[in-house]
Amino acid sequence: MLSIGDPAPEFTLPRDGGGDLALTSLRPQSVVLYFYPKDDTPGCTKEAIAFTEALADFKAAGAVIVGISKDPVKKHDKFVQKHDLKVALVSDEDNDTCERYGTWVEKKMYGKIYMGIERATFLIDGQGKIAQIWRKVKVPGHSDAVFEAVKALRT
């Protein structure tokens with residue numbers, strides 16, 4: 001399990017709109033890396049819209065936002081277009097990055113047990129170290145809490 005101060009696991013993954021996104025290419029900016037279960041579901045849509053609406057503030061504070069799920073890039077592209085999202089979305093179809101960040105977990109719904117992505121967010125500082133971790137995220141107010149942590153990195 002990752003902890004604050006650990007190096008963030010590196011990745012290079014396909015992204016919405018084409019091409020690849022490498023975590024190392026984002027330095028020295030801070031990175032808000034949020035894991036979400038599925039494109040175009042109610043909670044995931046609200047989270048992506050909240051981060052999109054706050055994107056200018058995050059950029060001004062020196063941070064970029066990257067969402068990650070197992071959905072394929074084509075699905076990300078539809079999700080972005082449908083909701084006019086401005087955050088980068090990367091596809092972890094082989095589940096390697098989710099595994100390394102510890103977000104591929106056993107979940108329960110209506111008595112059924114299955115594996116899925118835990119809604120979690122990692123704040124990675126400009127040196128590639130984990131500065132903050134939010135697990136089992138509840139969407140309302142989450143982007144505000146993450147923004148406060150981003151601002152605190154700059155002080």
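So that you can scan it fast, the table gives a plain yes or no per residue for (1) more than 20 Å from Lys70 (Cβ to Cβ); (2) hydrophobic (A, V, I, L, M, F, W, C); (3) at pLDDT 95 or above:
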| site | (1), (2), (3) |
| --- | --- |
| Val105 | no, yes, no |
| Lys108 | no, no, no |
| Pro140 | yes, no, no |
| Glu148 | yes, no, yes |
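Mind checking whether some residue in the range 55-66 is in contact with a strand residue (DSSP E or B) (Cβ under 8 Å, 6 or more places away or on another chain), loosely packed, with under 13 Cβ neighbours inside 10 Å and within 19 Å of Ile133 (Cα to Cα)?
no
Across the range 102-135, which residue is surrounded by the fewest Cβ atoms within 10 Å (Cβ to Cβ) among those that are basic (Lys, Arg) and farther than 20 Å from Ile49 by Cβ? So that I can check it myself, show each step before the final result.
In the first step, residues of the range 102-135 are kept if they are basic (Lys, Arg); the result is 107-108, 112, 119, 129, 135.
When the remaining residues are screened for being farther than 20 Å from Ile49 by Cβ, the result is 107-108, 112, 129, 135.
Details: Lys107: 13, Lys108: 9, Lys112: 7, Lys129: 13, Arg135: 14.
Among those that are basic (Lys, Arg) and farther than 20 Å from Ile49 by Cβ, it is Lys112.
Condition first: of a type in the set (A, V, I, L, M), in contact (Cβ under 8 Å) with a residue 24 or more places away in the chain and outside any strand (DSSP E or B). Now tell me which residues in the range 120-155 satisfy that. Give the derivation first.
So the first thing to find is which residues in the range 120-155 are of a type in the set (A, V, I, L, M), and the list is 120, 123-124, 130-131, 133, 137, 139, 145-146, 149-150, 152-153.
Right, trim to in contact (Cβ under 8 Å) with a residue 24 or more places away in the chain and you get 120, 123-124, 130-131, 133, 137, 139, 146, 149-150, 153.
Selection gives Val137, Val139, Val146, Ala149, Val150, Leu153.
Name every residue in the range 50-83 that is touching a Cys at 6+ places or on another chain (Cβ under 9 Å) and among the small types (Gly, Ala, Ser), in order of residue number. Spell out the reasoning first.
The initial filter retains those residues of the range 50-83 that are touching a Cys at 6+ places or on another chain (Cβ under 9 Å), namely 67-70, 79.
Correct list: Gly67, Ser69.
What tally of residues in the range 49-64 results from selecting those that are under 24 Å from Glu99 (Cβ atoms) and free of Cβ contacts under 8 Å to residues at least 40 places away in the same chain?
The total comes to 1.
Out of the residues in the range 65-84 that are touching a residue at least 40 places away in the same chain (Cβ under 8 Å) and hydrophobic (A, V, I, L, M, F, W, C), state the one that is nearest to Val32 (Cα to Cα).
Result: Val66.
Looking at the range 112-119, is at least one residue among the small types (Gly, Ala, Ser), closer than 28 Å to Val73 by Cβ and not in a strand (DSSP E or B)? Give the derivation first.
In the first step, residues of the range 112-119 are kept if they are among the small types (Gly, Ala, Ser); the result is 116.
Filter once more, keeping what is closer than 28 Å to Val73 by Cβ: 116.
Cutting the leftovers down to not in a strand (DSSP E or B) gives us none.
No, the range 112-119 has no match at all.
May I ask you to list the residues in the range 69-101 that are aromatic (Phe, Trp, Tyr) and either loosely packed, with under 13 Cβ neighbours inside 10 Å or over 14 Å from the mean Cα position of the chain (by Cα) (or both)?
We begin by selecting, within the range 69-101, every residue aromatic (Phe, Trp, Tyr); these are 79, 101.
If the condition is that a residue be aromatic (Phe, Trp, Tyr) and either loosely packed, with under 13 Cβ neighbours inside 10 Å or over 14 Å from the mean Cα position of the chain (by Cα) (or both), then Phe79 is the only one that fits.
The values are calculated or read from the model by the stated rules, or taken from the named source; none is laboratory data. Values in this document were obtained by computation on a predicted structure and should not be read as measured data. Backbone-built Cβ (ideal geometry, glycine too); neighbour counts: all protein chains shown.
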